[in-house]
Amino acid sequence: MNRKEHLKGAHRIVVKVGTSSITRGGPSASSEFMDTIARQVKDLKDKGTEVLIVTSGAIGIGLAVMDARARSREIPVRQAAASIGQSALMQKWNESFQRHGIATAQILLTYDFYSDREKYLNLRNAIQTILEFGAVPIFNENDAICVKEIDAVFGDNDTLSAMVSIKMDADLLIILSDVHGLYDKDPKLFGDAKLIPEVTDITDRIREQAGDTAGRLGTGGMRTKIRAAEICHEAGCSVIIAGSDVDDVIERIIDGEEIGTIFITDKRESRKSSWIRYAHASGSIEVDEGAKKALLKHVSLLAVGIKDTKGRFDRGDVVNITCGGAVIAKGIPDYNSDDISKIKGLHSDRMFEVLGHKNYDNVIRSENIVIM
Ligand code: GLU
């Protein structure tokens, strides 16, 4: 696929910048680096491109302010650092954008923006309006209230940036980092490692090549970047991983220059399907082999094929559909978990008799099912 042609239509882009790029290895955010980003964003905006930024760096900067790097593994210390660092970080972003007469909007997200459809729709309206007013939305995870223990966590900003990209219908996600793209082997260990300029299919081989390297203060590595590319792939958003130290990197990428690795896609999963795919599952429905076969052919799920349910969920919640314990699909049932446990294994014509009411013959309609 021709990169230049493909990128021509990029109207809305998300730019993710990693901690080591923001700090340039130092203790605080590098104004010089942020200025270069702001200048490029300004130029793109002038040409009619909408830009959203996902920024890391809060924890790294906060730890330096608190002089607490030695305690960087303690969760409350990281939370405090995230809060202290975030305001320093936004101050710098503001300064950089103000030089170009552009306002910034801080948006701190937790994973539930993704699982709760109402929250998501509200947020979408807010972001849409921020963009209409010509401001630049700048996202980070709300690390002060997000710890792995409460399960509302993205964990790394690569994943967050992918979620923002697909939820906001971006055409392109640019991940800027201290690595210049995906290599056939670890470039830090092998001098002859070769950059892979284009990936059209994310195979196991690609995942292997990504290895498992992460920066000291950021949490991402190549693996989370590949995961981000996978999330975007289904939704039809291409991803470019490139070095943040390349001059005018964003503008040159948009001009179609061969920089970094592009994960190119022309798929387009519906918004609803991608929401189901990545929403938090409230429970699960275990199905038999027959139902599994039907599901893989995109047929609706009937009560007769259901063996069991796990967890309590309402109709309209997202659930995992499992077979032999393995998640094969996700879907939105038209019945709650109590009802399903009463009708499991039964033919549809007995549903009314058992429940005293009936929504649909199908427990989950095919349009509400996504195969995993
Ligand atoms: N949200 C974290 C921060 O601002 C960064 C997470 C990551 O490194 O991906 O420090």
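The values are calculated or read from the model by the stated rules, or taken from the named source; none is laboratory data. Note that the structure is predicted; figures quoted are calculated from it, not measured. Positions of Cβ are generated from backbone atoms using ideal geometry, with glycine treated the same way; all protein chains shown enter the neighbour counts.
So in region 202-231, with the set limited to residues that are at pLDDT 90 or above and within 16 Å of the ligand (Cβ to nearest atom), which one is nearest to ARG277 (Cα to Cα)?
Taking the candidates together, the pick is ILE231.
Here is a check on your reading of the model: is ASP314 of a type outside the set (A, V, I, L, M, F, W, C), modelled with pLDDT under 95 and within 17 Å of ILE343 (Cα to Cα)?
Yes; evaluated as a whole, the condition is true for this residue.
What helices (runs of 4 or more DSSP H) completely inside region 16-115 contain at least 2 residues that are modelled with pLDDT under 95, under 30 Å from ILE332 (Cβ atoms) and more than 12 Å from the ligand (Cβ to nearest atom)?
Counting at least 2 such residues, we get 112-115.
Looking at region 5-12, can you tell me whether even one residue there is under 19 Å from GLY101 (Cα atoms) and outside any strand (DSSP E or B)?
Checked region 5-12: no residue is under 19 Å from GLY101 (Cα atoms) and outside any strand (DSSP E or B).
Among the numbered criteria (1) in contact with an Asp or Glu (Cβ under 9 Å, 6 or more places away or on another chain); (2) closer than 14 Å to LEU302 by Cα, which one does VAL370 miss?
All conditions pass for VAL370, except number (2).
If a residue has to be closer than 22 Å to ALA326 by Cβ, part of a loop (DSSP other than H, G, I, E, B), under 25 Å from the mean Cα position of the chain (by Cα) and not aliphatic (A, V, I, L, M) to count, how many in region 260-313 make the cut?
So the count comes out to 4.
Which one of these does GLY134 not meet: (1) at negative phi; (2) at pLDDT 90 or above?
Result: GLY134 fails condition (1) only.
Please count how many residues of region 225-243 are part of a helix (DSSP H, G or I) and within 17 Å of ASP156 (Cα to Cα).
8
How many residues does region 65-113 hold that are buried (at least 20 other Cβ atoms within 10 Å of the Cβ) and more than 19 Å from GLU141 (Cα to Cα)?
2
If I filter region 232-261 down to residues being hydroxyl-bearing (Ser, Thr, Tyr) and away from the ligand (no atom under 16 Å from the Cβ), which single residue comes out as surrounded by the fewest Cβ atoms within 10 Å (Cβ to Cβ)?
Per the criteria, the residue is SER238.
Pairs please, first residue from region 112-129 and acidic (Asp, Glu), second anywhere and assigned to a loop (DSSP other than H, G, I, E, B) and surrounded by 14 or more Cβ atoms within 10 Å (Cβ to Cβ), Cβ atoms under 7 Å, 6+ apart in sequence or on different chains.
Within 7 Å, the pairs are ASP112/ALA152.
Give me the pairs, please: first residue somewhere in region 145-172 and surrounded by 19 or more Cβ atoms within 10 Å (Cβ to Cβ), second residue anywhere and modelled with pLDDT of 85 or more and of a type in the set (Asp, Glu), beta-carbon distance under 6 Å, and either six or more positions apart or on two chains.
What qualifies is PHE154/GLU141; LEU160/GLU141.
Please determine whether any residue of region 132-140 is in contact (Cβ under 8 Å) with a residue 24 or more places away in the chain, assigned to a helix (DSSP H, G or I) and touching a helix residue (DSSP H, G or I) at 6+ places or on another chain (Cβ under 7 Å).
no
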